[in-house]
């Protein structure tokens, strides 16, 4: 099929093309931290996504132990998240689990945001 991942697919039936409109799945974004329940960031991001008509959604992930930050990072990649905000207390603890960091992270020793690509790297700024 052609066009998959772009909101439609095209298949060939005989000599005619059949275009199917697919309902896109929401693109997920997240925040990793502890505590996160009272943080209103999800409402802010979801409002921006809705305003621009983006099929995206923001999730708050309460990570209850530093020992779980590596599996959390691996999990958001496995589930197809696009990016993650990193908040206290994991701004420093996440760095060893990233494939690449920018100069600002190197200078201050803490990450605030992580972009996830189809493959490596986990990139932080």
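None of the figures in this text is laboratory data; all of them are computed from the coordinates on show. Quantities reported herein were computed from a predicted structural model and do not represent experimental measurements. Cβ atoms come from the backbone with ideal geometry, glycine included; neighbour counts cover every protein chain shown.
Below is a table of values for the structure above.
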read-out: Relative compactness, segment 24-124, computed as alpha-carbon Rg over 2.2 N^0.38 Å; value: 1.05
read-out: Footprinting exposure proxy for 108, 69, 86 (fewest neighbouring C-beta atoms within 10 Å first); value: 108, 69, 86
read-out: Per-residue Cβ neighbour rank within 10 angstrom, fewest leading, 117, 97, 51; value: 51, 117, 97
read-out: Contour minus Cα-Cα distance for residue 112 and residue 42 (0.36 nm per residue); value: 23.6 nm
read-out: For segment 21-114: relative contact order, % (alpha-carbon pairs under 8 angstrom, 6 or more apart); value: 34
read-out: Spin-label model distance (nm) - residue 79 vs residue 27, 7 Å beyond Cα toward Cβ; value: 1.8
